[in-house]
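The values are calculated or read from the model by the stated rules, or taken from the named source; none is laboratory data. The shown structure was predicted, so the numbers you read here are calculated from the model rather than taken from an experiment. For neighbour counting, all protein chains shown are included, and Cβ atoms are generated from backbone atoms with ideal geometry for every residue, glycine included. SASA here: full protein model, heavy atoms, side chains in, ligands and nucleic acids out. Shrake-Rupley method; radii C 1.70, N 1.55, O 1.52, S 1.80 Å.
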Amino acid sequence: MNSIRTLSAALALALLVASPLLAATTKTSKFERALPLGMAGVLTVRTTTGSVEVVGVDEGGVRFTAIKTVTAFNTDKEKEKALLAEADRLVELREAVSADGRNALIHTLAPAMSGRGWRVDVRYVVWMPRTADLRVEVVKSQQIRVVNMIGNVSVKNFSGTIVLERVTGVANVESTNGGIVYMPQQRLGGNVTLKTVNGNIEAIVPDGIGFQWAAEALAGDVRSTIPGVRGRLSGPAFRGSVNAPGGPTLTTATVTGNVFLLRAGTQAAAARSLRETIPQAPVPPSQQQPAAATLAASRAGRRDMTQQFVQGRVDFATNIGDISISELRGDATLSTGAGEVRLGTVTGTCRVTSLGGPLELGDIFGLLDARTQAGDVTIQAARSGGSVQTGGGIIRLVYAGGPTSLSSAGGDIIVRQAASSVNAETRSGDISISVDPGAKTQRLGAKTAKGNVVLFLPPRFGADVDITVITTDANATHLIESSFGALSVQREQIAGGKTRLRASGKINGGGERLELFAEGGGVQIKTQPVPGR
């Protein structure tokens, strides 16, 4: 095999050296653009070939640089120039923004290039709001890299490496012939799915964080350098937990490659196969070929509910099962002991409880009461406000139309458009709240025991500010920031060798109270960009 590779390489080198016929002409063009996009918007980047790098920032709008390189090949120099002109004309870089400013698109328009005598490469570097959602679609990439994002991230490509770094929200990555590298650096703030057909997957996670892990390598191996992996191995698939039960789920799957779960600071070469550390789970004979009566009894313990349209009130409870209703014109009281709940539109009040599972809720017009003991909660709109709680997971609320209380025992909290008062509290995670651009003043509270608080306010928003930050850095000066002018800051030494910073003041003459607390992080109050600028 090595001799064949050596011979192939030698022949290729000989052709390149001996023949001037492979000379090419290249033209490079650079473009810089800016697009409006809110903190709760959606950006799509779509290209056929090249590389994409996206960086999340704490400001609205999208800025991007694109470098287009077209290369033409022909022995006739005049024809080569004509091909180069054709390539430059046919390959277009375009951008678009929806009328409401919530969706932006950056894409490359290029025809099928087979047999045309030229190729194209486009490199995008994009800066976007880190709380917005991102979708990247590339056919053939050199590399796709996404950095510093809280919003949902979706990446699809055919070939090329995909790297996610400091991506703490929900992420879904799919590749055919590329490897995937995932480096949250702090924690898993939401469920993450990494899938490839012919590539390796490396998930490099901080020491000590807890999450669920599902891994599968059909023709390869599942390996790890983390000692706190517990679970069951069944053939090529592993299901279990890392360091502690509960929390978000990391799903990793490859067909021909290997899966590596690495503790930060360790290398893949040091990873041990789970087949060496976790024995295969024995399958009882009764489960290998279940009798009809046994199968019927096991199914009887599960009860799902799936409805497209319901007119009137719904009361439903199940010990084990999923609940899905597309549209409900009335009130809802729904409960499951273990399962997920998916709701579309609910015109009345909505009370949802799960003892373990994610909640995905759409447009809720009545008062909302949503609770899960473990799982993420995603809500499109709580138009009358309400209460949302999770025992471990990220809370993502797109629109709050009434007074809303949000609580997580461990996970980020993101509110993309708060048109009423909001009180958010998490034991571990960042809190990001963007106030409705039309709001003049409203009460806001945010408290995290381990993380940062970021508040985005309209330029003319009025408030009385009360900020508390607790840190182990006695000389910290950068943990409280405000785009609305200086605040009065007091410093106090407290027990445990910690320092308490208290900041107070008025924004635009004062208004409702902003009460913000962060330990182990900082607080930022930022100005929302003015639409159209």
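Before moving on, here are some points about what is shown:
- Carbon plus sulfur fraction of accessible area for segment 109-244, probe 1.4 Å, in percent: 47
- Carbon plus sulfur fraction of accessible area for segment 368-500, probe 1.4 Å, in percent: 44
- Sites ALA237 and ARG89 - FRET efficiency at Förster radius 51 Å, r taken between beta-carbons, to 0.05: 0.50
- Spatial separation of Cα centroids for segment 196-243 and segment 474-533, in angstrom: 40
- Estimated D of segment 367-441 in µm² per second, where Rh is the Kirkwood radius over Cα pairs and Stokes-Einstein applies at 10 °C, 1.306 mPa s: 134
- Chain lengthening between LEU218 and ARG303 when straightened (0.36 nm per residue, less Cα-Cα): 27.4 nm
- Placing R0 at 25 angstrom, the Cβ-Cβ distance between THR28 and ASN198 gives a FRET efficiency of 0.20 after rounding to 0.05.
- Taking each of LYS30/LYS81; LYS195/LYS450; LYS447/LYS498 in turn, the alpha-carbon distance tops 27 angstrom for LYS195/LYS450.
- In order along segment 208-216, the phi-based Karplus estimate (6.51 cos²θ - 1.76 cosθ + 1.60, θ = phi - 60°) of 3J(HN,Hα) comes to x, 6, x, 6, 8, 9, 10, 9, 8 Hz; Gly and Pro are listed as x.
- 3J(HN,Hα) along segment 312-329, derived from phi through the Karplus expression 6.51 cos²θ - 1.76 cosθ + 1.60 where θ = phi - 60°, amounts to x, 6, 10, 10, 9, 9, 8, 6, 9, x, 9, 10, 9, 9, 6, 8, 10, 9 Hz, with x in place of Gly and Pro.
- Once the 1.4 Å probe is applied to the protein heavy atoms, segment 378-425 comes out at 25 Å² accessible per residue.
- Accessible area (Å², 1.4 Å probe, nearest 10) - ASP322: 50
- Förster-model FRET efficiency, 25 Å R0, THR65 and GLN186, C-beta, rounded to 0.05: 0.35
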